[in-house]
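What follows is a single structure, written as structure tokens, with notes after it.
The values are calculated or read from the model by the stated rules, or taken from the named source; none is laboratory data. As the structure is a prediction and not an experimental result, all values here were calculated from the model. Quick reminder, even Gly has a Cβ in these numbers, built from the backbone with ideal geometry, and neighbours come from all protein chains shown. Areas reflect the complete protein model, heavy atoms only, side chains present, ligands, DNA and RNA absent. Shrake-Rupley method; radii C 1.70, N 1.55, O 1.52, S 1.80 Å.
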Amino acid sequence: MLTESLILSGILFAVGVAGVLIRRNAIILFMCVELMLNAVNLSFVALSQEVGIEGQVFVFFVMTVAAAEAAVGLAIIISIFRLMETVDTKDFNLLRW
Amino acid sequence: MTFYSLLWWVFAALAFGGGIGMVAGRTPVASLLSLVLTLFSTGVIFILLGAHFIGVVQVIVYAGAIMVLFLFVIMLLNLGHDYQPDLRRAGWIAGASVACGVLAWLIMRTFTHETTLVASGGGMTAAQAVEQHGAVGAVAMPMFNEYVVGFELTSLLLLAAIIGAIVLAKRRI
């Protein structure tokens, strides 16, 4: 089950990468980042079967960091929406040009 | 094929389908619900892999709390409609090919690099630790012994995130 889980983790990570590259909605970009974090969690848990319980401890830390990141990121999105009335990343050009 | 591996394949397929549905979803709410499906299936896979506590925490915290936060923001900003197509053909091809490259690289590393798994934590595997301390205690023992500094720093991180979110989202302090 270890190899299959690692491959599933790689597939989910690649789906997250594709989402970040393809989509332009800022909230969906955030969701794709969460999916990538989750794929890494899956490989941690799969490896913890063989290596030791520490992998699951790190999964716990990754979850708390993801929660903090989601809270701050969504606050940033709300404040940008208040400024620009959009969450489409093609309209965020204040620092781009 | 045992019952467990059959369940594993079912939930792996659900997780993959949810991920694809999230990337291809037309509205943010549809994407979010697909992501909830993916996270729930991953939680079930955690349980099938023997990480019972982490699987339950995954369902409660991730598929429950964090996703409700996302849904709350989507509803607050009223993003349900006025869909603009952001899936251009060239963008799809470029993004999908980069993702395939990442996937191929990850899988190639998994199979070509000869790595030896070095057991840590006193040489106990996860199953032995669970047998000795129980599902929650197996995670709690290293967390409150070796990683207690990181655990305390996590509380500081959460405090900083709370204050930062309030400062960013509030109109005037």
For this session: Starting from residues that are touching a Phe, Trp or Tyr at 6+ places or on another chain (Cβ under 9 Å) and part of a helix (DSSP H, G or I), keep the ones in the stretch A:73-97 and report whichever is farthest from B:Ile166 (Cα to Cα).
Result: A:Met84
Problem set entry | Which numbered condition A:Arg23 misses (of (1) crowded, with 22+ Cβ neighbours inside 10 Å; (2) more than 24 Å from B:Ala161 (Cα to Cα); (3) in contact (Cβ under 8 Å) with a residue 24 or more places away in the chain) | (3)
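Within the stretch B:136-173, restricting attention to residues that are open to solvent by less than 40 Å² (accessible area, probe 1.4 Å) and in contact (Cβ under 8 Å) with a residue 24 or more places away in the chain, which residue is farthest from A:Val45 (Cα to Cα)?
It comes out as B:Ala138.
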Exercise. Has the stretch B:58-69 got at least one residue that is facing chain A (nearest Cβ under 7 Å), among the hydrophobic types (A, V, I, L, M, F, W, C), surrounded by fewer than 19 Cβ atoms within 10 Å (Cβ to Cβ) and under 22 Å from A:Leu21 (Cβ atoms)?
Worked result: no
Seminar exercise, completed: Among A:Glu4, A:Glu34, A:Glu50, the single one that is open to solvent by 30 Å² or more (accessible area, probe 1.4 Å), within 8 Å of chain B (Cβ to nearest Cβ) and either touching a residue at least 24 places away in the same chain (Cβ under 8 Å) or touching a His at 6+ places or on another chain (Cβ under 7 Å) (or both) is A:Glu50
